[in-house]
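Heads up: the structure comes next, in structure tokens.
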Amino acid sequence: MGHARYLCGVALLIAVGCGGDDGGEDVIEFGEVTVDLDLAETGTRATEALIGNLVADAYADAVEGDDVDFAFVGGGGLRCPEELDAVQCEGFSIRAGIVTSADLEIVLPFDNELVIKEITGDQLVSTLERSVSVIPSERKGYFLHPSASLRYAADCAQAAQTINADGTVIESEGMRITSVTVDGVDVEPTSTYRVATTAFVAAGSDGHVQLGEAAPTETTGLREQGTVGSYISANSPVTPVLDGRISLTAACNIQ
């Protein structure tokens, strides 16, 4: 599949005020989701979440023709209106119904470019160790939501990965990740996997040291909002589900 894009007036997209002369931004109706998509950080930064699954699947779908094995979205990239930041987005959802470009501008405000990197199985496990390193006591944006082909399990009773204050050096590898599979097959430490994610995450931001050190980085020209909007349009109505792609023990439950 070629890289997806959205344009004013494309079939299946309804542009409200497209080409108008009021100087305002065009609002595009992409399509329908059939369930509420909760943006509370108790989900986006601590456990499997419908919005995380939807966005990660949209990323993977957009680069399907590039032999990508899976995609990630960082929980910190899934946002709510600024006035709800103080309460960690509690009470904010994209309601079941039509999703618009205005919705995605709120939820994906950074509109990062999607890129592709190659990582080894060992680097993948280390990256996932970072993802679960501070739950349940803290909820941080480096928690990763994978697309459907990747599944991982973690036990928060085990030792967590630690990194330096700058988030650039792993001081000790964690032991929380107990299982990682791609397309139902256990990852191999030295095998290479292709991952699609945002340029922010791929650069090693939020302490994703191993992902940042992996090379090379392939640009796609795709942006988050257009990618997710196109996915919803092409698959409307969309019904995201919690399918067990992130499995956490009771020790990981929010206190």
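Structural remarks
- Qualifying residue in the range 198-221 (condition: polar (S, T, N, Q), assigned to a loop (DSSP other than H, G, I, E, B) and either under 17 Å from the mean Cα position of the chain (by Cα) or at pLDDT 95 or above (or both)): no
- Filter result for ASN235 (at pLDDT below 95 and within 21 Å of the chain's Cα centre (by Cα)): no
- Near pairs, Cβ below 6 angstrom, 6+ apart or cross-chain, from the range 40-54 (within 23 Å of THR227 (Cβ to Cβ)) to any residue that is in a helix (DSSP H, G or I): THR44/GLY75; ARG45/GLY75; ALA49/GLY43
- Qualifying residues in the range 206-255 (those that are in contact with a Phe, Trp or Tyr (Cβ under 9 Å, 6 or more places away or on another chain) and among the hydroxyl-bearing types (Ser, Thr, Tyr)) - the one nearest to VAL195 (Cα to Cα): THR227
- Cβ pairs under 6 Å, 6+ apart, first in the range 55-72 and surrounded by fewer than 24 Cβ atoms within 10 Å (Cβ to Cβ), second part of a strand (DSSP E or B) and of a type in the set (Phe, Trp, Tyr): ASP69/TYR193
- Among the residues of the range 146-183, those identified as of a type in the set (Ser, Thr, Tyr) and either in a loop (DSSP other than H, G, I, E, B) or surrounded by 19 or more Cβ atoms within 10 Å (Cβ to Cβ) (or both) are SER147, SER149, TYR152, THR168.
- Identity of the residue in the range 184-204, of a type outside the set (Val, Ile, Thr), touching a residue at least 24 places away in the same chain (Cβ under 8 Å) and under 15 Å from LEU114 (Cβ atoms), that ends up surrounded by the most Cβ atoms within 10 Å (Cβ to Cβ): ALA196
The values are calculated or read from the model by the stated rules, or taken from the named source; none is laboratory data. Predicted, not measured: the structure shown is a model, and the values here were computed from it. So basically every Cβ, Gly included, is an ideal-geometry build from the backbone, and we count neighbours across all protein chains shown.
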